[in-house]
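Chemist: Here you go, one structure.
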Amino acid sequence: MTGDDSKKAQAIRLRAARHMIGLDQKTLGSEVGLKKTAISNMEMALSYPSLPVMRYLYRAHRVDFNFMMNGDFAQLPGDVQASLFPHLEDARREWDRKES
C-alpha cells in the first residue's frame, strides 16, 4: 500500500503500528490524550490518524510520519521495518476479512 494515502490504508498502518508496540486502543489513547473511541474511529477509517497519534508513534517508537501518511517506509529504521511488516500483513488480512 505504498503511496496509498486513503483512510483505509492509514487505518491499517495505524493498527499495525499499535500492535507492533503492544498497546491496546485505550492505552494508546491515554498516551496521546485521546479516548479509546477516537483511536477506534481512526482504525475503522472513519477518521485519519491524528497528529498527536503520529507524533507519539514517531517520538516514542520511530514510526515515521511518511509511513503513516503515505506508506513510504524508506525512512523507517531497519529494526522497525522488521518488526512492523508482519503486523502490517496481519492488519491488512484482518481488514479484508471484515470487508468480505
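Chemist: Any idea which of Leu34, Leu23 is farther than 17 Å from Thr2 by Cβ, more than 13 Å from the chain's Cα centre (by Cα) and assigned to a loop (DSSP other than H, G, I, E, B)?
Modeler: Working: Leu23 fails: more than 13 Å from the chain's Cα centre (by Cα).
The conditions single out Leu34.
Residues are listed down the side, and each one gets a yes or a no for (1) surrounded by 18 or more Cβ atoms within 10 Å (Cβ to Cβ); (2) closer than 17 Å to Lys8 by Cβ:
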position	(1), (2)
Gly22	no, no
Glu31	no, no
Arg59	no, no
Gly71	yes, yes
Leu76	yes, no
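Chemist: What single numbered condition from (1) in contact with a helix residue (DSSP H, G or I) (Cβ under 9 Å, 6 or more places away or on another chain); (2) open to solvent by 80 Å² or more (accessible area, probe 1.4 Å) fails to hold for Val80?
Modeler: (2)
Chemist: Condition check: closer than 19 Å to Glu99 by Cα and in a helix (DSSP H, G or I). Does Arg15 satisfy that? It would help to see each step written out before you state the result.
Modeler: Numbers: closer than 19 Å to Glu99 by Cα: yes; in a helix (DSSP H, G or I): yes.
Criteria met by Arg15.
The values are calculated or read from the model by the stated rules, or taken from the named source; none is laboratory data. Note that the structure is a prediction, hence the values are computed from the model and not measured. All Cβ positions, even for glycine, are placed from backbone atoms using ideal geometry, and neighbour counts span all protein chains on display. For accessibility, only protein heavy atoms count, side chains too; no ligands or nucleic acids. Shrake-Rupley method; radii C 1.70, N 1.55, O 1.52, S 1.80 Å.
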